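Report on the structure given below.
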Amino acid sequence: GGLMVPTSGSIFIDGAQASVDDLLTSSIIASSARDFDELYSQSLVAYARLRPTWDEQLFIHYADRFDLRVNRKYVRKLSGGQAAILSASIALASGAPLTLLDEIQAPLDVPTRYAFYEEILALAGECMEGKRPQRRFLISSHMVSELEKVAEDVIVLKKGALLAHESVDDFTCRVCTLTGHASDVERFLAAHPDLAVIASRELGSTREIVVDLRGSAVSDTELASHSLT
C-alpha cells in the first residue's frame, strides 16, 4: 500500500487517517497478479527482508513447506501457483500489522490452498495468544465456501458499496439459498413481500433464490409447506 496516489477519498486505520508512510510500513499486499515477474525471486525476498518486522525463521518454514526455490531466477519463469505462494509467504513472514491477500489462493491447487489456510490460522492463532505482535489478515476471494472456517468476519462489497460487515456466524445464519419449482418460489415471495432477495436464477422449471432472513420469522415448517429446500 501507499505506492499509488488516490484519485479521491481517504484511507483510515483504526479511525486515524493513514499517511503514505503508514501504509508503506504498516501494510503489505500480496496478489495473484504477476506484478514482480521482472525480478529475481532472490531479489524480491531480499527487498522484503528490509522490513524491521521481517521473520526469517517463518519464511524458512514456508519455503520448506511449499518447496520454494529462492534463487537468481526470474519470477516470470515460475508457474502461477509458485509465484502466488512465493508472494503469500513473503506477506505472512513480513510481520506487517495489516496483511492483505488479494485472490492470492486462486492459482493454487486444492492441497496447497488448504495448506496455506492452515498457515494463516496458525499464524493468526499465535498473534491472538500474544506469542507474536497483533496482526490483521484481510483476504479477498470468490472461493467463499473455503474461507468459511478460516475467516472471523465477512465484508461484502458490491460496486464499491458496503453491503455487509459482520461475523461469519451471523452472516451464514441469516443468508440462505432457497430452491423449488418456480411457481412455489413465487408463491413464497408473495407471502413475504418484505423479504430481501439478493440473487435469483432459473434452472429449467426450478428457481433458486438467495435471501436475507434478517428480521423475518420464516421457519423450516413454512419452507416445507411451500415445497422449498
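Take the Cα atoms of segment 57-129, build their convex hull, and give its volume per residue in Å³. List each step's numbers first, then the result.
Values: hull volume 6.9 nm³, N = 73.
With only Cα atoms used, segment 57-129 gives 94 Å³ per residue.
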For a quick protection proxy, order the peptides 20-26, 126-132 by their average other-Cβ count within 10 Å, most packed first.
20-26, 126-132
What area, in nm² and to one decimal, does the C-alpha convex hull of segment 148-217 cast on average over all directions?
5.8
Mean Cβ neighbour count within 10 Å, used as a protection proxy, ranking 171-180, 69-78 highest first:
171-180, 69-78
Here, Tyr47 and Ser227, labelled 7 Å along Cα→Cβ, have an inter-label distance in nm of 6.1
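Filter the DSSP H helices in the chain by two things, a Kyte-Doolittle mean of at least 0.5 and an axial alpha-carbon span of 15 angstrom or more, and list the hits by number.
Working: long enough: 80-93 (20 Å, 1.41); 110-128 (27 Å, 0.45).
Membrane-span-like by this rule: 80-93.
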Mean Cβ-within-10 Å packing, highest first, puts peptides 182-189, 163-170 in the order 182-189, 163-170
Any idea how far apart Arg34 and Asp21 come out in nm if each label point goes 7 Å out from Cα toward Cβ?
3.7
Counting DSSP beta bridges in the chain, what percent are antiparallel, to the nearest 5?
70
P(r) for segment 1-69, please, calculated from all Cα pair distances in 10 Å bins and given in %.
15, 41, 30, 14, 1
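Mind checking Rg over Rh on the chain, alpha carbons, Kirkwood formula for Rh?
1.07
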Top positive-direction residue, dipole computed over the chain with Cβ charges, set Ile28, Tyr74, Val185
Tyr74
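At 0.36 nm per residue, minus the direct Cα-Cα distance, what do His181 and Met143 gain on full extension? Give it in nm, one decimal, please.
Details: separation 38, 0.36 × 38 = 13.68 nm, distance 2.78 nm.
Full-extension gain reported as 10.9 nm.
Assign one of three labels to segment 26-158, namely rounded, prolate or oblate, based on the Cα gyration tensor with a ≥ b ≥ c the square roots of its eigenvalues; rounded applies when a/c is under 1.5, prolate when it is not and a/b is larger than b/c, and oblate otherwise.
Details: a/c = 1.64, a/b = 1.22, b/c = 1.35.
The shape class here is oblate.
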What percent does the relative contact order of the chain come to when contacts are Cα pairs within less than 8 Å and at least six residues apart?
14
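Just so you know, all these numbers are worked out from the coordinates, no wet-lab data involved. Treat the numbers as computed from the prediction; the structure is a model and nothing was measured. Positions of Cβ are generated from backbone atoms using ideal geometry, with glycine treated the same way; all protein chains shown enter the neighbour counts.
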